[in-house]
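I have placed the structure first, in the form of structure tokens, so that the comments after it can refer back to it.
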Amino acid sequence: MTESHNRGTAIGLVVGAACSVQIGAAVAKSLFDSLGPPGVVFLRLLFGSIALWAIARPTLRGRPTRDYRLLVALGVILVSMNLLFYESLDRLPLGIAVTVEFLGPLGLAVITSHRRLDLIWVAFAGLGVALLAEGGGENVHALGVVLALAAGVCWALFIIVGTTIGRSFEGPTALAPAMLLGAALCAPWGIESARGHLREATLLGAGVGVALLSSALPWSLELEAMRRLPPSALGVVVSLEPAVAALAGFFFLHEHLGARAWFAIGLVIVASAGAAFRRPPAVPPDV
């Protein structure tokens, strides 16, 4: 298999993962009227943890106390990130919510790079969010923007804690118990929000679909892509996710965005791609 074919396959895997996540978000939003955002978060974390547990079969015994503390931190961050994002999604079009949330990892990339060029990406992203926050005909709620920004901060924290915990756990072996803890923390709020609808088989099936589309399937695709693409190239492709979200919102939720919103999303995509791009290291790859 040629290198170009290998790279093309990896890009296809990343795009497939992004489509899976955003279709899952669209399905989740369609359940808000029946289950409410907390109810959907509860089902996503519960069924997602079950799926990942079956795949990874994590072993938690005999680990140092530090690992358990990191798992607790990861679980708290996961449930906070999902609740904030779904609450923002209840007030914003899917494409706009994802675009604003992307500022979290974008900000983390800029802070950790210390490149002067990144100031340009900050300006692009700031202009994009300013255009989105103006609202106008896009029905953008200020609280939705704030919630999406808070979800982005949690996303950045998730990356930081996830990077640390990844040195002790392999693959999704930490994510499965962290999601289960998040489901337990969210259970009282989620069950109250659903108000008896959790007994309906159709809604439970949709919750399973959200969990698989948003967790197990994209993780599997991205893991395979990571083996084929360098981190910088992977980050550039992932930066297309706000556009994928906007398209998912259009096709599955009939959310129509105006030219200003698309231009703003484009600015954030350019900023994310620019911040993700890195020159290859000067040391040999094996080092």
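Could you put 154, 186 in order, starting from the residue whose Cβ has the fewest other Cβ atoms within 10 Å? Mind dumping the intermediate values first?
On the way: 154 21, 186 25.
Result, fewest neighbours first: 154, 186.
Counting helices only, and only those DSSP H runs with n ≥ 4, report the 222 nm mean residue ellipticity of the chain as the sum of -39,500 (n - 2.57) divided by its residues, in deg cm²/dmol to the nearest 500.
Working: 13 runs with 217 residues, N = 287.
Calculated at 222 nm, the ellipticity per residue is -25500 deg cm²/dmol.
How would you rank 255, 224, 192, going from fewest to most other Cβ atoms within 10 Å of each one's own Cβ? Mind showing how you got there, number by number?
Numbers: 255 22, 224 16, 192 12.
Going from least to most buried by this count: 192, 224, 255.
Provide 21, 15 in ascending order of the number of other Cβ atoms located within 10 Å of each residue's Cβ, fewest first. Don't skip to the end; give the middle numbers.
Working: 21 23, 15 17.
Ascending number of Cβ neighbours within 10 Å: 15, 21.
Which of the helices in the chain, when you take each full DSSP H run, stretch at least 30 Å along the axis at their Cα atoms and have an average Kyte-Doolittle score of 0.0 or higher? Write down the numbers at each step before the final one.
Values: long enough: 3-30 (41 Å, 0.58); 32-56 (33 Å, 1.41); 65-89 (36 Å, 1.02); 142-165 (34 Å, 2.35).
Long hydrophobic helices here: 3-30, 32-56, 65-89, 142-165.
Principal axis lengths of the chain from Cα atoms, whole Å, largest first?
Computed over the chain, the largest-to-smallest principal extents equal 56, 55, 37 Å.
Given R₀ = 30 Å, what would the calculated FRET efficiency be for residue 252 paired with residue 65, taking r from the Cβ atoms and rounding to 0.05?
Result of the calculation: an efficiency of 0.10.
Could you check the spin-label model distance between residue 170 and residue 120? Points 7 Å from the Cα along Cα→Cβ, value in nm.
4.3
Hey, for a label at residue 54 modelled as a point 7 Å past Cα toward Cβ, could you say which residues of segment 182-224 have their backbone N under 13 Å away?
Counting only backbone N, you get 208-209, 211-213, 216-217.
Can you tell me the FRET efficiency between residue 159 and residue 260 if r is taken as the Cβ-Cβ distance and R0 is 30 Å, rounded to the nearest 0.05?
Working: r = 30 Å, r/R0 = 0.99.
Rounded to the nearest 0.05, the efficiency is 0.50.
Each reported figure results from applying straightforward, stated rules to the coordinates on display, with no laboratory input. Note that the coordinates shown come from a computational prediction; the quantities given were computed from them, not determined experimentally. When we count neighbours, we look across all protein chains shown, and the Cβ atoms used for this are built from the backbone with ideal geometry, even at glycine.
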